[in-house]
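Asks: Pasting in a structure now, in structure tokens, and then I'll have a few things to ask.
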Amino acid sequence: MTSAVRSVLEMLALVVRTDRRKMLVAVSLMVAGGATWPALALALRAGIDAAAAHDAARATQAGVLIALCTIGVMMLQHFAYIPYAESAELATITLESELIDLANASTSLRHHEDHEFTERMTVMQKGVGEFHDGILGLMSLVALATSALLTGVVLLFVSPWLLLLPVAAVLPVVAGQRAQVILNRAKERGAAQTRAASELFELATTAAPAKELRLCRLQGEVRRRHADLWDAIGTTLWTAERRAAAITALGQLAFGAAYVGGVLLVLRQTISGRGTVGDVVLVIVLAAQVSQQVNSALDLFRRLQRMAQGMTRLRWLREAVAEPPGAVATTPPPPALRHGIDLEHVSFAYPGTAREILSDVTVHLPAGSTVALVGENGAGKSTLVNLLCRFYETTGGRIVVDGVDLAQVSPQEWRARVAAGFQDFVRFEVLARHCVGLGDLARTDDDAAVADALDRARAEQVVDGLADGLDTQLGRTWTDGSELSGGQWQKLAISRAMMRTSPLLLVLDEPASALDAEAEHDLFDRYAQNAVRVGRETGAVTVLVSHRFSTVQMADTIVVLSQGRVVDHGDHASLLQRGGLYAELYGLQAAAYS
Ligand SMILES: Nc1ncnc2c1ncn2[C@@H]1O[C@H](COP(=O)(O)OP(=O)(O)OP(=O)(O)O)[C@@H](O)[C@H]1O
């Protein structure tokens, strides 16, 4: 409970922080809106009593009040909704921004390996709408509280017995909840079929499976299965719907009886001279309101409860990413490498797992050289690259950059000196210029730098082939966006990696897998020339991962990995001569091509 109250208060503080003025306007209008119904009921009573007493002056005054209250009932909530929805929208955007920050807060990728973290983050991503709903609920609560309080006071003055009406109004709500439970259970029973039907629907209506559906002539079969599934679910759902409707009707009947009882009570008071005709009208109007108020209150509490759960999750995420003071290394990387990078007895297991992916890896990556990592699938090449980029900390041993332990170097500053192209590159659906330029944020709009990067990645042709060149919007999600082939996207990703001009580490982790062998060779050739230039300036180490030996053999040093261990290293000729795993893998590929 205290956690729920804390969450609601936190959310309130967030809304106030986001836009205090809008919030105040919204709340004021909501309070005024909440007061109008009880005020209208009072004005009606006054008007009817004045009319019954043939008092024209009071009847006219009451008439004006009735008109004003009716306008208030119709308008105030409507006008309140504008600043109130805007406040909720702004607060939701603030929350989304915080989620973006939280997802990217940690200096390593370890949170993305943490099942609990990713699960809560996914729930939060999908549940942002609930926050929006909760914030709206928070503000509606103000109107509701005003309205309920005033209604209660007015009814109390007519007869204390009428305060039983809100209690009776709970009955239809409880019945409604019971009905919902019945419906939910029916939905749960049919959940597997519903999911299967949705998947079939998606399969039949999206672009990706269209080729195979046509080729195998599966449209009819998918339609038949989809209809069969809904037939089966339909019977269960309709039975539940009928039961739910009967229970809801019983609840409403119970409140109906209390409502009629209340009206009869006031009628009796009026007949016996203890009340007026206006009191009867007042109760008829307000009693109907009571039911609606109770219903809204319970709905609001449910919404606030969901929002409170979301806030608890948000607090958990904040704590999870908070780095203890002093935990983030601050040593700047050297301006240039003289000696190179040493891996000293490095071992590594991914966070939350026990299996060692790298074991006792010791190897020297000389400054200014090109190093290729070779090995079978799963040997640990990408993992080694991840450690060099400092996405994870080693679990044993250390990586030393020109005599400085990489663990002591500021991760942000180190990464600013890393240029990398990955196998699982991102397809940024932005202007072609930005898709490349994002590799060096400060020079995103620098056409000369972008052209240079495209040239080094041999990707000029990709942009030349686009309708508006660098100004072309990329991506299918845009109506006028141009879609690229896998290889073209990959070339732009490599160009992005080429944007940085003075890196200490250049990494290409199979970024050219979608290109043919010749294009890859050509690309790496160009890349190697660039690496030599950068190596001369900054002593940068170039690390490339490729399964193609035509590429690998260009490297100065080839490190052969097997099951997380370095089994050999040297240049192409010496490794072939030694006849180990490298020679075996090389022989297999050469045989496949011949
Ligand atoms: N994020 C991760 N969490 C847990 N285990 C992982 C993760 N990424 C990779 N692994 C495991 O680490 C091992 C080495 O994977 P890695 O991607 O480093 O190999 P690789 O040599 O680059 O393989 P490939 O040539 O297929 O790309 C694999 O067994 C893989 O299952």
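Asks: Mind counting the residues in region 302-324 that are more than 23 Å from residue 116 (Cα to Cα) and either at pLDDT 85 or above or not basic (Lys, Arg) (or both)?
Replies: Going through region 302-324, the residues more than 23 Å from residue 116 (Cα to Cα) turn out to be 302-304.
Checking the rest, the ones that are also either at pLDDT 85 or above or not basic (Lys, Arg) (or both) come to 304.
So the count comes out to 1.
Asks: Kindly indicate the residue of region 517-562 that is among the polar types (S, T, N, Q) and at pLDDT below 80 and also nearest to the ligand (Cβ to nearest atom) among those meeting that condition.
Replies: Among those residues, the one meeting the criterion is 551.
Asks: Let me ask something else. Tell me, yes or no, whether region 107-118 has at least one residue that is on the phi < 0 side of the Ramachandran plot, surrounded by fewer than 13 Cβ atoms within 10 Å (Cβ to Cβ), of a type in the set (Ser, Thr, Tyr) and at pLDDT 80 or above.
Replies: No, that holds for no residue.
Asks: Please work out if residue 180 is under 30 Å from residue 26 (Cα atoms) and exposed (fewer than 15 other Cβ atoms within 10 Å of the Cβ).
Replies: no
Asks: Within the group 224, 217, which residue is more than 21 Å from residue 165 (Cβ to Cβ) and not in a helix (DSSP H, G or I)? Working first, answer last.
Replies: Working: 224 fails: not in a helix (DSSP H, G or I).
Answer to the check: 217.
Asks: A further question follows. Assess whether residue 279 counts as being under 40 Å from the mean Cα position of the chain (by Cα), modelled with pLDDT of 85 or more, buried (at least 18 other Cβ atoms within 10 Å of the Cβ) and of a type in the set (Asp, Glu). Give the derivation first.
Replies: On the way: under 40 Å from the mean Cα position of the chain (by Cα): no; modelled with pLDDT of 85 or more: yes; buried (at least 18 other Cβ atoms within 10 Å of the Cβ): yes; of a type in the set (Asp, Glu): yes.
Against the criterion (under 40 Å from the mean Cα position of the chain (by Cα), modelled with pLDDT of 85 or more, buried (at least 18 other Cβ atoms within 10 Å of the Cβ) and of a type in the set (Asp, Glu)), residue 279 does not qualify.
Asks: So which pairs qualify, if the first residue must be in region 111-123 and over 15 Å from residue 100 (Cβ atoms), the second must be not in a helix (DSSP H, G or I) and not hydrophobic (A, V, I, L, M, F, W, C), the Cβ gap must be under 8 Å, and the two must be at least 6 apart or on different chains?
Replies: Filtered contacts from region 111-123: 113/350; 113/351; 113/352; 113/353; 114/351; 114/352; 115/352.
Asks: Just checking, which of 136, 163 is at pLDDT 85 or above, hydrophobic (A, V, I, L, M, F, W, C) and in a helix (DSSP H, G or I)? Show your work before the answer.
Replies: Working: 136 fails: at pLDDT 85 or above.
When all the criteria are applied, what remains is 163.
Asks: Could I ask something else about it? For region 418-435, name all the residues that are away from the ligand (no atom under 16 Å from the Cβ) and free of Cβ contacts under 8 Å to residues at least 12 places away in the same chain. Show your work before the answer.
Replies: So the first thing to find is which residues in region 418-435 are away from the ligand (no atom under 16 Å from the Cβ), and the list is 418-419, 426-435.
Once the filter is applied, which keeps residues that are away from the ligand (no atom under 16 Å from the Cβ) and free of Cβ contacts under 8 Å to residues at least 12 places away in the same chain, region 418-435 yields only 434.
Asks: Just need a number here: residues in region 449-504 that are surrounded by fewer than 18 Cβ atoms within 10 Å (Cβ to Cβ) and of a type in the set (Val, Ile, Thr).
Replies: 3
Asks: Which members of region 388-399 meet the condition of being surrounded by fewer than 22 Cβ atoms within 10 Å (Cβ to Cβ) and either within 7 Å of the ligand (Cβ to nearest atom) or without any contact (Cβ under 8 Å) to a residue 60 or more places away in the chain (or both)?
Replies: 394, 395, 396, 397, 398
Asks: What number of residues within region 351-377 are at pLDDT 90 or above, surrounded by fewer than 17 Cβ atoms within 10 Å (Cβ to Cβ) and within 14 Å of the ligand (Cβ to nearest atom)?
Replies: 1
The values are calculated or read from the model by the stated rules, or taken from the named source; none is laboratory data. Computed from a prediction, not measured in an experiment: that's the story for all the values here. We place every Cβ from the backbone using ideal geometry, glycine too, and count neighbours over all the protein chains shown.
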